[in-house]
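Only the coordinates and a few stated rules stand behind these numbers; no lab work does. Treat the numbers as computed from the prediction; the structure is a model and nothing was measured. We place every Cβ from the backbone using ideal geometry, glycine too, and count neighbours over all the protein chains shown.
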Amino acid sequence: MEEDYGNSPEPEPAPVKTKRASVKMTDKQKTDLAKHMQKMQKNGMSPSEAKSHRMKMMSRMRKGMTVNKAHKDIQG
């Protein structure tokens, strides 16, 4: 008599992540972000901090946040 060891069905492959469609910023969002970044630089933000901040702001604004909401989200 043969015993059946581990003959379970094949595991399902991991689901494939689809890329999100890239959403471009509107002209109003771009001008609002530019004004915000000028304000941040006047307040003494270093160039490396400014670049990081800008990238974080852009990612949130593409999701539909306003400049103020995105800034508050980043600051905590």
Fraction of the pair-distance distribution of region 35-76 above 12 Å, Cα-Cα pairs, percent: 57 percent
Most fluctuating residue given options Lys63, Lys28, Lys17, as computed from a GNM of the chain linking Cα atoms under 10 Å: Lys17
The chain, relative contact order [Cα under 8 Å, separation at least 6], %: 30 percent
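Ranked highest first by average number of other Cβ atoms within 10 Å, how do 32-41, 46-55 line up?
Output ranking for 32-41, 46-55: 32-41, 46-55.
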Per-residue HN-Hα couplings for region 42-50 [Karplus 6.51, -1.76, 1.60; θ = phi - 60°; Hz; x = Gly/Pro]: 5, 7, x, 6, 6, x, 6, 5, 5
Stretchable slack from Glu49 to Thr31, in nm (0.36 nm times residue separation minus alpha-carbon distance): 4.5 nm
Descending principal axes extents, the chain, alpha-carbon based, whole Å: 83, 25, 19
Karplus-derived 3J(HN,Hα), 6.51/-1.76/1.60, for each residue of region 26-35, Hz, glycine and proline x: 6, 4, 5, 4, 5, 5, 4, 5, 4, 5
